[in-house]
Each structure stands twice: as C-alpha cells, then as structure tokens.
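Handing you a structure now.
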Amino acid sequence: MSVSASVQEYVAKQDEFAWKRRLIRFAIRTIGFHVLARVQVEGEDNIPPDGPTIIMMNHISLADPVICMGALTHRFVVPMTKIENMRNPVLAPFIRWWGAYSVNRGEIDRKALMNSIELVKSGQLILIAPEGHRHPEGLSRPKDGLAYIATKANAVIVPMGIGGAEVWMHKLKRLRRAHVTVKFGRAFRFKLNGERIPRETLGAMSEEAMYQLASTIPDPALRGVYSDLSQATSEHIEFLGAPA
C-alpha cells in the first residue's frame, strides 16, 4: 500500500494544529471537565512522552474522543472520526480545527489506514476505538484494524478505560454533572518477528489487547465479553515499564 501525496501532506502539517489544539484542550478541561461533568484522570504517566503511540479506548458515548483530548496534558492525540461527522454543521468545524481525520466505516478505508500508520510512524499519538462503533452496553469483539496499524508502525499501545460518560448527557439534561473516570493502563507492544503476520495472529493480538483494555474499565458491567479478566493472556504482547 503506497503512501499518497494527500496522506504525506496531512502528516507533515501536524505541527500547524498545535496552537488550535492547545486552545481547544484548555476549553475542554475548564468547561467540560468542571462544568459539564466531573472528570477524574488516572495513569497518564503510562503514556510515553514521545514516539509512535496508540491510545485504544472503549467507546461508550459521543464524548469519548473529546474526553481523551482533554485528559492528555503533555501530548496531543489525533483522533479518527466517522466521515458523517465531517458533514455535521456543529461538529465539523471543531473536528477540522483539531485536525482529526475521517474514516468511512462502511468499507475498508485505505486512506484512513495509511493516515493512521504514517501518523504513528512519524511519532504522533493517535486514538482508536478497536470495536469501530459505540458500545454503551460493554465491550464487544474488535476489528483487527488496531493490531494491523500497531504492527505496521511498531507502536506502543496504551489502553484507556472510560466510565460514566454514557450517562453524561442524560444527567446534564437534569442539571446534574456526571462523574466520569478515565484510566490509562500499562503500555505494551505486540511482539514482532519481522515476518508477515497472518490474519489469525492479528485476531489473537486483538483479543489480548482487549483484555488489557477491559482491565482499565472501572465498572465490570462495561467490560462486556471481556469481563472475565482471568482469561487474559500475553503470548503476543510485551509490557513496557514496571506494573503499577
């Protein structure tokens, strides 16, 4: 899969978004984290200060990417958003200001894949919801996109569990603030042997990564099909740093 000129251009202009992202993050943290909800963040020191990195999150509400954008204070995260959001008159200006990139979820979007891979290779930090869609009822089986991108870019993966965001709008309508928790788990990489990775191995990598994500989710009900953490294995992953 060759890298198109548009992908190269998008990756090269990331520094141009820095001042806009700084302003948006300030607004998220001052208004979103204190007025619209009460957000508690734990484990941000698990995120490498630089280098190719992927945040993998559980996706329980529309606010999840925004929560991640505000939770990270020493790096900017580049989220992927469904292409429909780029046509939303309310969301689109905000998305473009931050410099997010779109994905067509109805097909294999090769440009979105290349944006992801090249961003990570260039040392950026991107955000991926491995399930592809929101699942407020709890984790479900993932697609293999995260494992594919991570192995192509030899990226560090940091799981991010969110709780409470699924009810923030419901509570806000009643003039109450939701208590949202964000927990970043222990960073890890997939073990690579330099050979082409078979699809079944990508699937096994994805499953192991999902258990790591489940371990960061404070509410057991939101762990879904990965609620039994005793089933977690680490045949295909290697952890970075000492356990907490």
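Tell me which of these ARG96 doesn't satisfy, since it passes every other one: (1) part of a helix (DSSP H, G or I); (2) surrounded by 14 or more Cβ atoms within 10 Å (Cβ to Cβ).
Only one criterion in (1) part of a helix (DSSP H, G or I); (2) surrounded by 14 or more Cβ atoms within 10 Å (Cβ to Cβ) is unmet by ARG96, namely (2).
May I ask you to verify whether THR73 is within 26 Å of VAL39 (Cβ to Cβ), touching a strand residue (DSSP E or B) at 6+ places or on another chain (Cβ under 7 Å) and of a type in the set (S, T, N, Q)?
For THR73, the condition - within 26 Å of VAL39 (Cβ to Cβ), touching a strand residue (DSSP E or B) at 6+ places or on another chain (Cβ under 7 Å) and of a type in the set (S, T, N, Q) - is not met.
Residues that are in a helix (DSSP H, G or I) and surrounded by fewer than 16 Cβ atoms within 10 Å (Cβ to Cβ): does region 66-83 have at least one?
Within region 66-83, one or more residues are in a helix (DSSP H, G or I) and surrounded by fewer than 16 Cβ atoms within 10 Å (Cβ to Cβ).
Tell me, yes or no, whether region 216-229 has at least one residue that is touching a residue at least 60 places away in the same chain (Cβ under 8 Å) and of a type in the set (Asp, Glu).
Checking region 216-229: not a single residue is touching a residue at least 60 places away in the same chain (Cβ under 8 Å) and of a type in the set (Asp, Glu).
Show the residue pairs that are 6+ apart or on different chains and have beta-carbon atoms under 7 Å apart, the first residue being within region 122-148 and modelled with pLDDT under 95, the second being in a loop (DSSP other than H, G, I, E, B) and of a type in the set (Ser, Thr, Tyr).
Note: pairs meeting the criteria are GLU131/SER140; ARG134/SER61; PRO136/SER61.
The values are calculated or read from the model by the stated rules, or taken from the named source; none is laboratory data. Predicted model only: the values in this text are computed from it and were never measured. Virtual Cβ from ideal backbone geometry, glycine too; neighbours counted across all protein chains shown.
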